[in-house]
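Report on one structure; see the data block that follows.
The values are calculated or read from the model by the stated rules, or taken from the named source; none is laboratory data. Given the structure is predicted, the values throughout are model-derived calculations rather than measurements. Here the Cβ is made from the backbone with ideal geometry for all residues, glycine too, and neighbour counts use every protein chain on show. SASA here: full protein model, heavy atoms, side chains in, ligands and nucleic acids out. Shrake-Rupley method; radii C 1.70, N 1.55, O 1.52, S 1.80 Å.
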Amino acid sequence: MLERGEVANSWRRERWDSLRLLTPNWQSRLPGVRYEGPDPDGYMTNAEVVELITRFAEHARAPVRTGTNVTSLRRTDDGYEVTTSHGEIRSRSVVIATGACNRPTVPAFAAALPPDVEQLTPFEYRTPTQLPDGGVVVVGASATGVQLAAELRQSGRPVVLSVGEHVRLPRTYRGRDVLWWMDASGVWDQRHDEVEDLTRARRLPSPQLVGTPERATLDLNALVATGVELVGRWAAVRNGRALFSGGLRNVCSLADLKMERLLDLFDEWARTDGGDPEVAAPERFAPTEVPRSTRLELDLRSGEIRAIVWATGFQPDYGWLDVPVVDAKGQLRHDGGTVDSPGLYALGLPVLRRRKSTFIHGIEDDARDVIDHLSRYLADDSRGRVTTGASRS
């Protein structure tokens, strides 16, 4: 195993200070290692995630080469050549487990912002105190965006949240964590070949959730109640002004509708298959309260806004991959983790083989399937080598 930094490097180096997992502790498990503390319904801190992954590395006893940066992977006649910061490695097969969140996504028009407006991504943000005094625009209303907007507002700063497509979920539903419902009802176990629109499913933003001791729901209504101002999707910058879409109401209505459909699915499962006496009665939530009118532009030269936080998603980085398996949008071409090149595999990508693929507890089932395919490939390849060698002799 090759790791560019330390074990759990991204959790050590690329997370803000207050971040907690979105998944409850009882779901934080890896083969042979699971949460063993006193709060199974709580949410792990950064430090606790690092401890879990470190413990798993020790339990698995895998030969991890830390501080080893891969700079190139190319195809050879008998497999692959991996060029690293510590030399070259030849292998018959390779598993790409670099994930889908290697680089923050920042729109090209960010270059047109006034130079005195500070810009940060979630990889750079740590705490509100590092930002200059004054207003902040948080761009993006998925899990990262709503959490940072809430934290910045709590610090006393004026916060404007630019809202695009998002997934709204309550933290708890009918007395249980909403992710318990995702797990128990089988939603997370849906396979990639059962998903109607797989491309769209793999692009879905992370749900509006936060892990807090009080298990609070953090949606747009909760943010507005604290004084966060909502605007539409940031569309462009013109003459120092941020221009926002006027479609905020439609975006929120769609998110509300999809949440209602998911809750209906949970209710149907509870009625027909659940049979859990601990589950409370069905409930519904108020629609997102979109202001009657929202700002369509914001003068970034006025001094009102001193910083921008781009919570606009992440993308993988395959710049080191010298194999033609990346599409025009920068995504790896694969079928359930089997990459479009013999002996090349992937793990840890959205809906790789199941909807739970990118969650810590979701990797085990995917890994078993992918490694089973890899083992068969190596066995077949070995037989092919023996036959070829015999024919040449």
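How would you order 12-23, 364-375, 308-319 from highest to lowest mean count of nearby Cβ atoms within 10 Å?
308-319, 12-23, 364-375
When N is the residue count of the range 1-75, what does its C-alpha Rg come to as a fraction of 2.2 N^0.38 Å?
For the range 1-75, the normalised Cα radius of gyration comes out at 1.25.
At a threshold of 8 angstrom on Cα-Cα distance, excluding pairs fewer than six apart, so keeping six or more, what relative contact order does the chain reach in percent?
Over the chain, the number comes to 23 percent.
If you take the square roots of the eigenvalues of the alpha-carbon gyration tensor of the range 30-178 and sort them as a ≥ b ≥ c, do you get rounded (a/c under 1.5), prolate (a/b over b/c) or oblate?
Oblate.
Using DSSP to define loop residues, name the trypsin sites (Lys or Arg not before Pro) in the range 228-293 whose beta-carbon has at most 16 other beta-carbon atoms within 10 Å.
Listed in order of number, the matching sites are ARG284, ARG292.
In the chain, what percent of the accessible surface is made up of carbon and sulfur (1.4 Å probe, ligands and nucleic acids excluded)?
50 percent
Express the relative contact order of the range 46-111 as a whole percentage, based on alpha carbon pairs under 8 Å and six or more residues apart in sequence.
17 percent
Can you give me the long-range amide H partners of PHE314? Hydrogens built in the peptide plane at 1.01 Å from N, cutoff under 5 Å, separation of 5 or more residues or another chain.
THR105
Just to confirm the filter: which trypsin sites (Lys or Arg not before Pro) across the range 29-118 are DSSP coil and have at most 16 other Cβ within 10 angstrom of their Cβ?
Those that pass, being in a loop and sparsely packed, are ARG61, ARG92.
If you take the Cα Rg of the range 135-264 and divide it by 2.2 N^0.38 Å, with N the number of residues, what do you get?
Working it through for the range 135-264, the quotient is 1.14.
Residues of the chain: accessible area per residue at 1.4 Å, in Å²?
50 Å²
For Cα Rg over 2.2 N^0.38 Å, several values are listed as (1) 1.00; (2) 1.08; (3) 1.61; flag the one computed from this structure.
Correct label is (2).
Just in the range 287-348: which GluC sites (Glu not before Pro) are loop by DSSP and have at most 15 other Cβ atoms within 10 Å?
GLU289, GLU304
Using each residue's phi in the range 297-302, evaluate 6.51 cos²θ - 1.76 cosθ + 1.60 at θ = phi - 60° and report the 3J(HN,Hα) Karplus result to the nearest Hz, with x for Gly and Pro.
Values, residue by residue: 8, 9, 7, 7, 9, 7 Hz.
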